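The values are calculated or read from the model by the stated rules, or taken from the named source; none is laboratory data. Predicted model only: the values in this text are computed from it and were never measured. Don't worry about glycine lacking a Cβ; one is built from the backbone with ideal geometry, like all the others, and counts go over all protein chains shown. The area values use the complete protein model at the heavy-atom level, side chains included, leaving out ligands, DNA and RNA. Shrake-Rupley method; radii C 1.70, N 1.55, O 1.52, S 1.80 Å.
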Amino acid sequence: DGPLLRDLRLHSLLDAPEAFGQRYENAAGESEDDWQAAARASAAGDRRAWFIGRDERGQAVGLVQARRRPPGDCLLFSMWVAPAARRSGAGRTLVDAVDDWAVGWGARRIVLWVFGANGAALRFYERIGFRVLGSGPDAESGHAFGALAMERPVTT
């Protein structure tokens with residue numbers, strides 16, 4: 001659903017512009033066709049996928065993107081939960097959806113980057129089993145942007 005994906009992404013960029021590598025103006029300038037194509041590619045789910053979190057009433061309250069990085073890494077990107085839904089379990093549900101998708105194609109670990117200044121997100125990821133990577137290529141690439149690389153094994 002391209003319009004829903006667009007709406008959630010734009011809300012995330014307005015709510016936390018410093019947390020993402022994309023600017024609101026750039027995302028808002030993407031065409032309806034671009035958003036529909038992103039939604040279709042996500043539905044196929046072979047290389048990347050967007051997951052939308054919903055509350056108990058079925059309202060969309062968050063999103064996350066996952067990408068395959070062969071041979072066995074799943075990259076978690078652009079995680080966002082609406083402020084009113086934080087601490088409700090929506091974030092954990094989104095990460096679980098990424099984990100389920102990753103298990104389906106044989107991933108061994110999930111890798112993400114979080115800005116070091118985002119203490120709430122860092123604590124959330126630590127609570128659900130991620131650990132900060134102190135060295136290696138993922139850690140080095142994050143440092144260039146002020147981000148910490150984190151990883152956890154996928155569940156089986």
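Structure notes:
- Candidates Gly142, Gly72, filtered to the one that is more than 26 Å from Arg57 (Cα to Cα), touching a Leu at 6+ places or on another chain (Cβ under 7 Å) and in contact (Cβ under 8 Å) with a residue 24 or more places away in the chain: Gly142
- Output for segment 45-57, where each listed residue is assigned to a loop (DSSP other than H, G, I, E, B) and either farther than 13 Å from Asp100 by Cα or touching a residue at least 60 places away in the same chain (Cβ under 8 Å) (or both): Asp46, Arg47, Asp55, Glu56, Arg57
- Of all residues in segment 120-140 being in contact with a strand residue (DSSP E or B) (Cβ under 7 Å, 6 or more places away or on another chain) and among the small types (Gly, Ala, Ser), the one that is most open to solvent (accessible area, probe 1.4 Å): Gly129
- Any chance Arg92 is part of a helix (DSSP H, G or I), open to solvent by 70 Å² or more (accessible area, probe 1.4 Å) and among the basic types (Lys, Arg): yes
- Some residue of segment 90-110 being modelled with pLDDT of 95 or more, in contact with a strand residue (DSSP E or B) (Cβ under 8 Å, 6 or more places away or on another chain) and of a type in the set (Asp, Glu): yes
- Within segment 2-22, residues that are small (Gly, Ala, Ser) have Cβ atoms under 7 Å from residues that are part of a helix (DSSP H, G or I) in these pairs: Gly2/Glu32; Gly2/Trp35; Gly2/Gln36; Gly2/Ala38; Gly2/Ala39, counting only partners at least 6 apart in sequence or on another chain.
- Applying the set (1) open to solvent by 10 Å² or more (accessible area, probe 1.4 Å); (2) part of a strand (DSSP E or B); (3) more than 16 Å from Asp15 (Cβ to Cβ) to Trp80 leaves exactly one unmet item: (3).
- Subset of segment 1-44 that is in a helix (DSSP H, G or I) and among the hydroxyl-bearing types (Ser, Thr, Tyr) - its residue that is surrounded by the most Cβ atoms within 10 Å (Cβ to Cβ): Ser12
- Checking each residue in segment 102-137 for being of a type in the set (D, E, K, R), outside any strand (DSSP E or B) and either within 18 Å of Phe20 (Cβ to Cβ) or touching a Pro at 6+ places or on another chain (Cβ under 9 Å) (or both) picks out only Arg108.
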